[in-house]
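Engineer: Input: one structure, supplied below.
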Amino acid sequence: MNRFTLRPLETCNDWLEHLQQRRARIAVGLFIALCLNLAIAPALYAATDSLARGNAYALGLLGLVVIGLAAYLTTVILKPEKF
Amino acid sequence: MTSSTQHHHQPGGPREGRRHTPKVDMSGLYQRAFKEAFFKLDPRVMVKNPVMFVVWVGTIITVLLTFNPGLFGPVPDNPVLFNGLIAIILFLTIVFANFAEAVAEGRGKAQADALRSTKSETTARKILADGSTEEVYSTSLSRGDRIKVIAGDVIPADGEVLDGVASVDESAITGESAPVLKEAGSDVASSVTGGTKIISDELTLQVTADPGKGFIDRMIALVEGAERSKTPNEIALTVLLAVLTLVFLIVIATLPTPAAYIDSPVSVAILIALLVALIPTTIGGLLSAIGIAGMDRVAQFNVVATSGRAVEACGDINTLVLDKTGTITLGNRLAEEFIPLNGHSPDKVASVALAASIFDTTPEGKSIVRLAQQQGASLAFDQRTAEAVDFSARTRMSGTNLPDGGEIRKGAVDAIRGFVRSRGGHVPEGLDHAFEKVSRLGGTPLALCQNDDIYGVIYLKDIIKPGIHERFDQLRRMGVRTVMLTGDNRITAEVIAREAGVDDFVAEATPEDKIQVIQAEQAEGKLVAMTGDGTNDAPALAQANVGVAMNSGTQAAKEAANMVDLDSDPTKLIDLVTIGKQLLITRGALTTFSIANDIAKYFAIIPAMFAAAGIGALNIMGLNSPQSAVLSALIYNALIIPALIPLALKGVKFRPLTANQLLQRNMLIFGLGGVIAPFIAIKLIDLIVGSVGLA
């Protein structure tokens with residue numbers, strides 16, 4: 001008797017393929033950034049005394065924006081003909 | 001190949017005064033560009049310009065900080081106005097950069113619209129397989145179709161003349177009102193362009209371009225920027241700008257740590273202001289405008305370039321390979337003198353020269369007829385019963401076969417010497433002397449004979465174009481070597497080369513020599529430019545780094561070249577080198593200026609940022625307040641972009657100097673000037689900002 005089914009994996013694969021589509025890229029990027037920020041912001045909040053919880057989340061996002069910009073500029077340097 | 005018997009179509013009037021005939025409508029250009037500048041704020045467009053995209057992200061963050069100054073942490077006072085002013089200035093910086101690009105694009109689009117007006121849906125007479133004709137729309141024609149055009153028709157597509165002789169008005173594309181003769185089988189007049197008008201007789205054509213891929217279509221796409229891809233220099237500069245931006249981004253992102261350590265915290269808005277002031281926004285904003293304007297300048301010169309790369313390559317050219325005829329000398333050589341030999345009288349030589357040239361329709365032939373008639377010569381036979389012998393590259397002579405069986409020939413001295421010997425005649429001693437005499441004068445000697453008897457030598461005078469010596473001097477100062485190719489003998493070539501001031505020459509050159517000269521130069525790592533018009537020039541045009549085909553040339557030459565000169569003026573190659581160099585110099589000068597500007601902005605913002613750390617001594621400009629210093633530097637940063645738009649579009653004034661001299665000059669004007677100018681400007685803006693109480 002075959003107790004394993006591939007259906008959940010196929011569904012997951014379809015979902016990943018959908019995420020890789022051009023139109024979904026920005027939304028996916030934002031989603032991942034927000035998820036990452038869920039890890040960064042509390043650490044930031046814990047490390048400083050003067051920051052409010054909202055400030056920590058905003059600063060976490062700002063840090064991710066800076067990293068995003070650095071990644072974007074690195075892409076420009078490596079593949080300049082695309083820009 | 002431009003041989004001695006062919007001539008170029010030389011349009012009249014000064015080149016600078018001519019533009020495309022369909023008037024380019026520039027009205028409303030700035031209003032449209034202003035609107036376009038806002039459409040370009042779309043992030044999908046902004047992301048193509050790395051420097052301005054960083055400013056765009058900075059603007060979004062400062063806008064958020066304007067509405068919520070405490071977004072990233074507690075701030076000592078409520079800087080809503082200050083943050084708002086930074087946001088507005090950053091926004092204007094982006095709009096100004098977009099505006100510069102939109103103005104340059106708008107000029108190209110206006111030119112494309114003018115060209116598009118020459119394109120209209122026409123009908124064409126397509127020749128069917130059975131020889132009958134059928135009326136079809138021009139858009140349904142495809143490559144390989146045969147069509148018939150008659151006087152009054154607009155030629156429906158680009159094509160090669162298969163049959164017929166006709167006058168064509170090409171003013172729609174060249175701006176030149178004089179009609180051009182088109183005929184089959186000629187290297188200089190066998191291709192026609194869609195959109196031009198046939199004004200006499202009729203032609204049978206073979207279509208050489210599919211719909212939408214014709215000459216005018218390509219030209220529209222190019223000036224409109226639809227096919228614009230970044231040139232190698234632009235790519236290199238984009239990388240440099242991205243590296244600088246990334247370095248400054250990392251510096252700014254890590255600055256809050258030492259700032260906190262010295263107990264002088266910096267607000268995010270000021271950090272963004274410092275980042276924008278330090279990254280090369282001036283050149284980042286003007287880079288694409290400079291490139292587009294370069295293409296535009298070439299198009300205004302009635303030259304169609306297949307890519308921006310070709311225009312830029314013109315600026316890097318080390319060697320120019322030039323045909324003598326039409327480029328260095330005026331296309332038409334004129335008979336100046338008959339030199340009698342073998343004891344013949346001048347009158348007899350004139351009458352034989354007249355007989356030899358009576359069927360010769362080249363300008364040289366006509367000038368021989370004219371000179372002979374001036375000397376009282378007349379034909380001693382009925383022209384209708386005589387037979388013309390055409391010039392060929394193989395025989396290197398032409399002439400007339402007389403009704404009584406006599407053979408009169410004129411041509412290259414060696415060729416006539418061989419002809420006379422083959423008829424059992426002997427060569428007079430004076431022939432070599434006359435040959436040398438004419439050659440030493442820089443003229444072309446043509447020997448003249450009847451059957452086995454040499455009558456004399458015709459001295460064809462070559463006229464060197466006025467001012468060409470100075471042009472070559474300029475090119476030499478710019479480090480460009482000139483090589484002249486000519487079918488003439490060595491002595492003539494040497495004299496012309498010396499008089500014209502070319503650096504090197506190849507005498508008795510064949511079409512194959514052209515490609516060999518180019519390959520030899522390229523083997524030394526040099527970039528070579530050349531002009532050509534014939535099918536046998538096509539390999540050399542393709543081999544050269546910059547190949548300029550004449551519009552009057554064959555389709556094969558036009559397809560092999562990376563530029564087509566609509567005026568068919570080979571001298572224009574020299575102007576193209578100037579335009580290419582101007583493009584590179586403009587880009588270099590504005591990059592130098594943009595980076596040099598950083599020094600003043602640094603001295604304006606850094607003391608303001610770390611005022612609490614006791615580095616007031618760095619405030620060498622004596623600016624009012626930290627806020628005023630930041631605002632003044634940013635206002636200068638924004639305003640310098642529109643201030644430099646005219647320079648970006650027009651180009652830095654070109655001077656024929658060597659690369660080292662140009663570098664020194666640019667470093668002095670744009671480097672030193674780029675350091676000093678912002679100090680003065682920022683101080684002035686600071687005074688104004690202080691006096692109106694903004695900060």
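Engineer: If I go through region B:375-420 residue by residue, how many of them are within 27 Å of B:PRO511 (Cα to Cα) and not aromatic (Phe, Trp, Tyr)?
Structural biologist: 21
Engineer: Could I ask something else about it? Please find, within region B:179-215, the residue that is modelled with the lowest pLDDT out of those that are under 20 Å from B:ALA114 (Cβ atoms) and surrounded by 17 or more Cβ atoms within 10 Å (Cβ to Cβ).
Structural biologist: Only one residue fits best here, namely B:PHE215.
Engineer: Restricting the search to region A:46-61, which residues are at the interface with chain B (Cβ under 7 Å from one of its Cβ atoms) and surrounded by fewer than 18 Cβ atoms within 10 Å (Cβ to Cβ)?
Structural biologist: A:SER50
Engineer: So how many residues does region B:361-407 have that are under 20 Å from B:GLY418 (Cβ atoms) and of a type in the set (D, E, K, R)?
Structural biologist: Selection size over region B:361-407: 4.
Engineer: Which strands (runs of 3 or more DSSP E) does region B:317-401 wholly contain that include 2 or more residues that are among the aliphatic types (A, V, I, L, M) and over 30 Å from B:ASP504 (Cβ atoms)?
Structural biologist: Here the list reads B:387-389.
Engineer: Does B:LYS48 satisfy the criteria of being modelled with pLDDT of 85 or more, part of a loop (DSSP other than H, G, I, E, B) and not small (Gly, Ala, Ser)?
Structural biologist: yes
Engineer: To continue, here is another question. Hey, B:THR257 hits all of (1) surrounded by fewer than 17 Cβ atoms within 10 Å (Cβ to Cβ); (2) touching a helix residue (DSSP H, G or I) at 6+ places or on another chain (Cβ under 7 Å) but one; which does it fall short on?
Structural biologist: (2)
Engineer: Can you find a residue in region B:333-341 that is within 39 Å of the chain's Cα centre (by Cα) and not charged (D, E, K, R)?
Structural biologist: Yes, because at least one residue in region B:333-341 is within 39 Å of the chain's Cα centre (by Cα) and not charged (D, E, K, R).
Engineer: Checking A:THR75 against (1) part of a helix (DSSP H, G or I); (2) within 12 Å of chain B (Cβ to nearest Cβ); (3) over 28 Å from B:VAL45 (Cβ atoms); (4) more than 14 Å from the chain's Cα centre (by Cα), only one condition comes out false. Which one?
Structural biologist: (3)
Engineer: Something else about it: Looking at region B:61-82, which of the residues that are under 19 Å from A:LEU64 (Cα atoms) and of a type in the set (A, V, I, L, M) is nearest to the other protein chains (Cβ to nearest Cβ)?
Structural biologist: B:LEU71
Results for (1) surrounded by 15 or more Cβ atoms within 10 Å (Cβ to Cβ); (2) without any contact (Cβ under 8 Å) to a residue 24 or more places away in the chain; (3) within 30 Å of B:ALA260 (Cα to Cα), shown as yes or no for each residue.
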{"residue": "B:ALA87", "(1), (2), (3)": "yes, no, yes"}
{"residue": "B:ALA102", "(1), (2), (3)": "yes, no, no"}
{"residue": "B:ALA110", "(1), (2), (3)": "yes, no, no"}
{"residue": "B:ASP113", "(1), (2), (3)": "yes, no, no"}
{"residue": "B:ALA124", "(1), (2), (3)": "yes, no, no"}
{"residue": "B:LEU128", "(1), (2), (3)": "no, yes, no"}
{"residue": "B:GLU134", "(1), (2), (3)": "no, yes, no"}
{"residue": "B:ASP153", "(1), (2), (3)": "yes, no, no"}
{"residue": "B:ASP169", "(1), (2), (3)": "yes, no, no"}
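Engineer: Would you pick out the residues in region B:26-45 that are among the acidic types (Asp, Glu) and in a helix (DSSP H, G or I)?
Structural biologist: Listed by number, the list holds a single entry, B:GLU36.
Engineer: If we keep just the residues of region B:216-251 that are modelled with pLDDT under 80 and either at the interface with chain A (Cβ under 9 Å from one of its Cβ atoms) or more than 25 Å from B:ALA112 (Cα to Cα) (or both), which is surrounded by the most Cβ atoms within 10 Å (Cβ to Cβ)?
Structural biologist: Once the filter is applied, the top-ranked residue is B:LYS230.
So that you can scan it fast, the table gives a plain yes or no per residue for (1) buried (at least 22 other Cβ atoms within 10 Å of the Cβ); (2) basic (Lys, Arg):
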site	(1), (2)
B:ARG421	no, yes
B:HIS426	no, no
B:GLY430	no, no
B:GLY442	yes, no
B:ASN451	no, no
B:ILE454	yes, no
B:ILE458	yes, no
B:ILE464	no, no
B:ARG471	no, yes
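Engineer: Of the residues that make up region B:666-684, is at least one farther than 18 Å from B:ASN597 by Cβ and in a helix (DSSP H, G or I)?
Structural biologist: no
Engineer: Would you mind finding the one in B:GLY651, B:GLY671, B:GLY622 that is over 21 Å from the mean Cα position of the chain (by Cα) and on the phi > 0 side of the Ramachandran plot?
Structural biologist: After ruling out the rest, the residue left standing is B:GLY622.
Engineer: Still on this structure: When you check B:LEU320 against the structure, is it buried (at least 24 other Cβ atoms within 10 Å of the Cβ) and closer than 30 Å to B:ASP488 by Cβ, yes or no?
Structural biologist: In short, yes.
Engineer: Further, regarding this structure: Listed residues B:ASP360, B:ASP382, B:ASP414, B:ASP390; which is buried (at least 19 other Cβ atoms within 10 Å of the Cβ) and of a type in the set (Asp, Glu)?
Structural biologist: Answer to the selection: B:ASP360.
Engineer: Before we move on, is B:GLU364 touching a residue at least 40 places away in the same chain (Cβ under 8 Å), closer than 25 Å to B:PRO403 by Cα and of a type in the set (Asp, Glu)?
Structural biologist: In short, yes.
Engineer: Restricting to region B:47-60, what's the tally of residues that are within 11 Å of chain A (Cβ to nearest Cβ) and free of Cβ contacts under 8 Å to residues at least 60 places away in the same chain?
Structural biologist: Of the residues in that region, 6 qualify.
Engineer: Kindly establish whether A:VAL66 is surrounded by 11 or more Cβ atoms within 10 Å (Cβ to Cβ), without any contact (Cβ under 8 Å) to a residue 24 or more places away in the chain and within 14 Å of chain B (Cβ to nearest Cβ).
Structural biologist: In short, yes.
Engineer: Going residue by residue through region B:613-621, is there one that turns out to be surrounded by 23 or more Cβ atoms within 10 Å (Cβ to Cβ), within 28 Å of B:MET667 (Cα to Cα) and not aliphatic (A, V, I, L, M)?
Structural biologist: No - not one qualifying residue is present in region B:613-621.
Engineer: Check every one of the helices (runs of 4 or more DSSP H) wholly within region B:412-489 and list those with 2 or more residues that are within 20 Å of B:LEU573 (Cβ to Cβ).
Structural biologist: B:468-477
Engineer: Considering (1) β-branched (Val, Ile, Thr); (2) modelled with pLDDT of 85 or more; (3) in a loop (DSSP other than H, G, I, E, B), say which one A:THR5 fails and leave the rest.
Structural biologist: (2)
Engineer: Can you list the helices (runs of 4 or more DSSP H) found entirely within region B:490-563 that contain at least 2 residues being charged (D, E, K, R)?
Structural biologist: The qualifying helices (runs of 4 or more DSSP H) are B:490-500, B:511-523, B:555-560.
The values are calculated or read from the model by the stated rules, or taken from the named source; none is laboratory data. As the structure is a prediction and not an experimental result, all values here were calculated from the model. Neighbour counts run over all protein chains shown; Cβ positions are idealised from the backbone, glycine included.
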